[in-house]
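Some notes on the structure that comes next.
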Amino acid sequence: MRRLFRFLKANFQAFGRHWSVYVLLVVSINLVLTSLIVPGLTWGVNRLLVVNGIGYLTYTNFVSVLTKHPLVLISLVLLVLLICGLVYIQMAFLFRQIKRIQEQTPASQWQLLKQSGHDLLTLKPLTMLIMIGYFLLILPFGQIIFKSVLLNKVTIPAFIIQDMWTTPKIWGPIILVYTLALILSIRLITFLPETIFNKKLSTTRLLQKCWQMTRGRFWRLLIKVGVLATAITLVGVLSQLLLFNLQRYYDQNLLHYALLLAILNLFILEIISQILLAMSIVMILQLILKQAGYLVPSETRVKVILKHRSLRIRMRQGAAMLLLILVAAGVDLYDYAYLEGAMDNRTSFDFPPWC
């Protein structure tokens with residue numbers, strides 16, 4: 001128990017020391033993905049369906065559509081490959097950023113982004129094939145290592161999984177798939193950083209190294225990942241309960257200000273959720289880097305650098321808070337307009353359920 005407490009304390013301290021940089025990093029990436037990349041991919045799929053005269057695409061007509069429209073099949077395969085490539089660049093960029101921040105090595109954002117794109121282009125064909133399977137089969141079912149809005153576009157929709165659980169006859173295969181995915185996600189937890197920082201290894205040797213590095217450490221790694229995920233989830237649940245009870249008090253005793261205070265609560269909740277999102281991503285990826293041996297921060301060096309960069313740190317903290325405020329304010333405005341009925345007449349688009 002003491003080891004777990006020290007482990008949690010060390011991770012929270014490591015995040016807190018650079019919280020503004022991490023929040024800026026994660027929130028900025030998510031804004032780019034949700035505002036530009038994902039809408040662009042969704043629009044592309046819709047145009048593909050419209051051009052081929054297909055009204056919608058779900059699991060009920062998936063096979064018939066692909067057999068009658070082979071070009072759609074080719075286009076969807078290319079789209080899946082594109083998404084997997086973007087996810088790899090996203091993860092490579094995050095790994096490189098965390099390593100840079102923890103070790104305080106100089107590098108611009110553009111340099112890291114170019115290096116991440118180069119990481120993808122230099123993958124060996126067999127490694128790339130395994131990487132695609134890792135993204136499509138292991139990470140979505142493992143669910144505790146990494147989540148991306150991009151991967152949501154190529155995984156089985158949640159409503160289909162829920163529908164499958166209503167059939168007791170297939171519970172066994174479902175549990176088996178989840179169990180195998182969980183085991184592989186832990187045993188191959190260092191697979192991605194190895195493909196990024198150790199390009200000289202052959203694919204077979206790379207997999208062997210990943211497997212050997214986690215030999216005898218499965219339960220330890222699983223507990224560490226679980227403890228991090230549980231701690232962050234607990235903080236989120238407690239904050240939600242606190243804000244919920246505050247709002248209930250406002251609704252009962254401050255009726256004239258209840259709506260204004262509800263918007264304020266949503267604002268605070270959104271800021272907390274963005275910080276917790278950054279914590280969950282950074283701490284898990286930091287754990288993976290440490291396990292792979294690619295993260296060895298120098299505490300002395302960090303302290304010296306922080307002394308000479310106090311102004312830059314304050315500017316980053318201010319920028320992080322400003323970005324959080326803008327995101328939270330945007331969500332609040334949307335929620336307020338929705339609750340007030342201002343969006344009832346907006347044009348609706350029927351996207352395919354899997355997009």
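The values are calculated or read from the model by the stated rules, or taken from the named source; none is laboratory data. Just so it is clear, the structure is predicted and the values come from calculations on it, not from any experiment. Cβ: placed from backbone, ideal geometry, glycine included. Neighbour counts: every protein chain shown. Accessible surface is based on the protein model in full, side chains and every heavy atom, while ligands, DNA and RNA are left aside. Shrake-Rupley method; radii C 1.70, N 1.55, O 1.52, S 1.80 Å.
For residue 314, the requirement of being at pLDDT below 90, under 19 Å from residue 99 (Cα atoms), open to solvent by 70 Å² or more (accessible area, probe 1.4 Å) and part of a helix (DSSP H, G or I) is not met. Please tell me if residue 276 is surrounded by fewer than 18 Cβ atoms within 10 Å (Cβ to Cβ) and at pLDDT below 85. No: the conditions fail for residue 276.
The single condition among (1) modelled with pLDDT of 85 or more; (2) open to solvent by less than 70 Å² (accessible area, probe 1.4 Å); (3) more than 30 Å from residue 24 (Cβ to Cβ) that residue 178 does not satisfy is (1). The sole residue among 99, 114 that is touching a Ser or Thr at 6+ places or on another chain (Cβ under 8 Å), assigned to a helix (DSSP H, G or I) and not aliphatic (A, V, I, L, M) is 99.
Residue 259 meets each of the listed conditions (1) closer than 30 Å to residue 197 by Cβ; (2) over 22 Å from the mean Cα position of the chain (by Cα) apart from (1).
Within the stretch 182-197, is there a residue that is more than 18 Å from the chain's Cα centre (by Cα), in a helix (DSSP H, G or I) and either among the acidic types (Asp, Glu) or within 30 Å of residue 328 (Cα to Cα) (or both)? Yes, that holds for at least one residue.
Pairs linking a residue in the stretch 204-229 that is in a helix (DSSP H, G or I) and hydroxyl-bearing (Ser, Thr, Tyr) to a residue that is open to solvent by 80 Å² or more (accessible area, probe 1.4 Å) and at pLDDT below 90, with Cβ atoms under 9 Å and 6 or more positions apart or on different chains, do not occur. Taking the stretch 235-262 as the region of interest, how many residues are open to solvent by 50 Å² or more (accessible area, probe 1.4 Å) and part of a helix (DSSP H, G or I)? Selection size over the stretch 235-262: 19. Restricting attention to the stretch 71-85, the residues that are crowded, with 18+ Cβ neighbours inside 10 Å and either among the hydrophobic types (A, V, I, L, M, F, W, C) or touching a Pro at 6+ places or on another chain (Cβ under 7 Å) (or both) total 4. The residue of the stretch 16-51 that is farthest from residue 68 (Cα to Cα), among those that are buried (at least 18 other Cβ atoms within 10 Å of the Cβ) and of a type in the set (Phe, Trp, Tyr), is 19. Checking the structure you have, find out if any residue of the stretch 193-200 is of a type outside the set (Lys, Arg) and open to solvent by 20 Å² or more (accessible area, probe 1.4 Å). Yes, that holds for at least one residue.
Taking the stated definitions as given, is residue 76 within 20 Å of residue 190 (Cβ to Cβ) and assigned to a helix (DSSP H, G or I)? Spelling it out, it is not the case that residue 76 is within 20 Å of residue 190 (Cβ to Cβ) and assigned to a helix (DSSP H, G or I). Just one of the listed residues (306, 285, 324, 289) is surrounded by 12 or more Cβ atoms within 10 Å (Cβ to Cβ), modelled with pLDDT under 65, among the hydrophobic types (A, V, I, L, M, F, W, C) and part of a helix (DSSP H, G or I), and it is 306. Test residue 88 against the stated conditions and say whether it is aromatic (Phe, Trp, Tyr) and not in a helix (DSSP H, G or I). Criteria not met by residue 88.
The residues of the stretch 59-70 that are part of a loop (DSSP other than H, G, I, E, B) and either open to solvent by 30 Å² or more (accessible area, probe 1.4 Å) or basic (Lys, Arg) (or both), listed by number, are 59, 60, 69.
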